[in-house]
1. Name the residue that is farthest from B:Lys61 (Cα to Cα), counting only residues in the stretch B:1-32 that are touching a residue at least 24 places away in the same chain (Cβ under 8 Å) and of a type in the set (Ser, Thr, Tyr).
2. Condition test on B:Gln53, is it over 28 Å from A:Glu93 (Cα atoms) and open to solvent by 40 Å² or more (accessible area, probe 1.4 Å)?
3. Give the residues of the stretch B:73-122 that are of a type in the set (Gly, Ala, Ser), assigned to a helix (DSSP H, G or I) and within 14 Å of chain A (Cβ to nearest Cβ), sorted by residue number.
4. Counting just the residues of the stretch A:84-102 that are at the interface with chain B (Cβ under 7 Å from one of its Cβ atoms) and within 16 Å of B:Ala82 (Cα to Cα), which one comes out most open to solvent (accessible area, probe 1.4 Å)?
5. Can you pull out the residues in the stretch A:175-193 that are out of contact with any Ser or Thr (no Cβ under 6 Å at 6 or more places or on another chain) and either over 17 Å from A:Ser4 (Cα atoms) or open to solvent by 60 Å² or more (accessible area, probe 1.4 Å) (or both)?
6. Which residues, counting only those in the stretch A:201-236, are within 23 Å of the chain's Cα centre (by Cα) and exposed (fewer than 13 other Cβ atoms within 10 Å of the Cβ)?
7. Give the residue that is most open to solvent (accessible area, probe 1.4 Å), with candidates limited to residues of the stretch B:68-122 that are farther than 30 Å from A:Val90 by Cα and without any contact (Cβ under 8 Å) to a residue 60 or more places away in the chain.
8. So B:Gly51 clears everything in (1) small (Gly, Ala, Ser); (2) in a helix (DSSP H, G or I); (3) more than 23 Å from A:Val75 (Cα to Cα) except one condition, right? Which one?
Amino acid sequence: MIISIASGKGGTGKTTIAASLALSVPGARILDCDVEEPNCHIFIKPEIKEKTSIYIPVPEIDKNKCDYCGKCKQVCMYNAIAVLNKTTLVFTELCHGCGACSYFCPQKAIKEVNKEIGFIEIGKKDNLSFIHGKLNIGQAMSPPLIKAVKKYINSAKVNIIDAPPGTSCPVVESVKGSDFCILVTEPTPFGLNDLILAVEVLRKLDIPFGVVINRSDLGDKKTDVYCENENIPILMRIPFRQEIARAYSKGQPIVEAFPEYKKDFQDLFNTIKNGKFS
Amino acid sequence: MKICITSQGDNLNSEVDPRFGRCQYFIVADVETLEFEAVKNPNIDTMGGAGIQSSQLVAEKQAKVVLTGNVGPNAFQTLQAAGIEVITGVSGNVKEAVEKYKKGEFKPTQGPSVSSKFGLPK
């Protein structure tokens, strides 16, 4: 089973929920797909056992074979190649590694070479398997690295995916294929605005989802009204407590700092597993 | 000789556009006769690589000099590879800019004046 945690708005508590949920389901695995800023490790504190570099193929031009016909730049959707009078320039930071340029080059002048975009680390904390990706600084393209993290999904286990914020490509790549997605929100105008965007994405992807309202006693009731009108189950509410914020700032997951929450997270998991939303 | 000025409008009285890759128009003019062509920039809404695309457009129009407000690193590299001289910090209207260029009031830029994504809407 794959449960992803997304939000739309950043800072609503995705990692808070992901870490505590993973720690409440025996034998689960947590996959941190927020590769631009992974932070699950701060809460899980896994022992890292393996580290692997991840590459994308980028074009390398054989200057002796290139006749500057311009086919490569024509087929590049990402404007990563410029062909001028007697020069072909490659801008690898714009390259998505799709391979179209080398495929279409009539002179067979383009070879694909590996460019490192980041790495993944695999570890364990007791019975919990841990995988995350870290994108290299300056890299703009995270989906290939997210794909590499998701290769470690084990369909026999419960996989918890911590997605990045927002609603763009990295989020789509992270939540794609999930059996269920938890949208973590806060009852503020920003939280609701971005929740609505995230709901649109999940409906397009046809992924079942529900909402967790964090800091639920702050803000207003508009999120509740929205969820009711849209028939979206509210799975859990976590009230604002300074003690939770303090524990978070020390890297302590809710279920460790406040063991009474463990049952809530187990209930959350069971609700999702059984598909019974009241 | 042909010169290219990034412009906010389609004629010589238009203001110089401070962006290169995502300017509104490229005015490609003959320095001597001021005969010109206004090319609407097809790269304004491109996701990335606007500077690279625009540089190639300027090269295809056979301009030897670009007058603009700013260029980013990718555009600068591409224009250099095409052997096009880049002059940044240009403002006022297009005609004045060409006149100033003819009087030798500008110095070529030695490097990009802004970082990537400068021309994207804020």
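1. The selected residue is B:Ser14.
2. Criteria not met by B:Gln53.
3. Result: B:Ala75, B:Ala81.
4. My answer is A:Asn85.
5. The answer is A:Lys176, A:Asp179, A:Thr188, A:Pro189, A:Phe190, A:Asn193.
6. Correct list: A:Arg203, A:Lys204, A:Asp206.
7. Checked the stretch B:68-122; the qualifying residue most open to solvent (accessible area, probe 1.4 Å) is B:Lys103.
8. For B:Gly51, the failing item is (3).
The values are calculated or read from the model by the stated rules, or taken from the named source; none is laboratory data. For clarity, every value in this text was computed on a predicted model and none was experimentally measured. Note: ideal-geometry Cβ built from the backbone for every residue, glycine included; neighbour counts use all protein chains shown. Note: areas computed on protein heavy atoms with side chains; ligands, DNA, RNA excluded. Shrake-Rupley method; radii C 1.70, N 1.55, O 1.52, S 1.80 Å.
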